[in-house]
1. Past 20 Å, Cα to Cα, is the threshold; run 19/110; 35/100; 86/110; 73/100 against it and keep the listed order.
2. Need the full-extension length gain, residue 82 to residue 114, defined as separation in residues times 0.36 nm minus the C-alpha distance. One decimal, nm.
3. Simple spin-label model, 7 Å along Cα-to-Cβ: residue 163 to residue 143 in nm?
4. Which option, (1) 131; (2) 111; (3) 159, is the value of volume of the Cα convex hull per residue in Å³ that was calculated from these coordinates?
5. Comparing 34, 108, 98, which has the greatest mean-square fluctuation in the GNM of the chain with Cα pairs linked when under 10 Å apart?
6. Cut-off is 10 Å between beta-carbons; in what order do 126, 158 appear when sorted fewest neighbours first?
7. With a cut-off of at most 16 other beta carbons within 10 Å, and DSSP calling the residue loop, which trypsin sites (Lys or Arg not before Pro) in segment 55-90 qualify? Please list them.
8. When a footprinting reagent is the concern and you count Cβ atoms within 10 Å, what order do 135, 103 take, fewest first?
Amino acid sequence: MPTTKSIRAILTSGCRWSKECVWQVVELVDGQPRKLPHLVECLWDPDPFVASGAADALERLTRDRPSKLDPWKDALLGLLMETLDKRVRWNLALTIPRMKLNLAQCRRAKAALESFLDDKSSVVKTAALHGLADLARQDPASLREVVDLLLIAGRSGTPAMRARSRILLARLENPGKRQRQRVSLHMFT
């Protein structure tokens, strides 16, 4: 079976929306890194189960090694700006800001993430706040604006946004505490 089909087959195999399928893909690609391009291709699959499962797997695969995605920065930034699928949105909102971006790429990602703050999904909004805080580390000029957004969301956002804003503000103020908080930052993934 071709590699793309094997990843796609896992993501369509009767366990739709199940983390079991996502973890199968993570294990497959982690063990066989040459399959990463096929996983990235699945982000554009017309089947929302495949695209969102691929986004979830990609987010998990690159938590500690975001440089794996360097060849696809521009493509992923384009997808971030155009996707309407909430699961793809929230996973890309967490994934893309981890990559080393130049200033123009940071600004593109920031614009997309700011637009996500108007999404219907609380998870998308919360992931957007997380992504904006991560981007501020690469684009210090945006830090004041991001802190203001976090303060506002911390007072008037959804319960998830309020909680995440408090965590992100504390992390921005004291970056040394990141390891302990990192576990709680992925509550919805």
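Rule-based calculations on the coordinates, nothing more; no lab input. Keep in mind that this is a model prediction, so the values were computed, not measured. Quick reminder, even Gly has a Cβ in these numbers, built from the backbone with ideal geometry, and neighbours come from all protein chains shown.
1. Numbers: 19/110 28 Å; 35/100 22 Å; 86/110 17 Å; 73/100 9 Å.
Flagged as over cut-off: 19/110; 35/100.
2. Details: separation 32, 0.36 × 32 = 11.52 nm, distance 1.34 nm.
Full extension from residue 82 to residue 114 adds 10.2 nm.
3. 2.8
4. (2)
5. Maximum among the listed residues: 34.
6. Working: 126 30, 158 14.
Least to most surrounded, the residues fall as 158, 126.
7. Details: sites: 60, 63, 68, 73, 86, 87, 89; in loops: 63.
In loop regions of segment 55-90 (DSSP not H, G, I, E or B), the sparsely surrounded trypsin sites (Lys or Arg not before Pro) are 63.
8. Details: 135 23, 103 10.
Listed from fewest to most nearby Cβ atoms, that is 103, 135.
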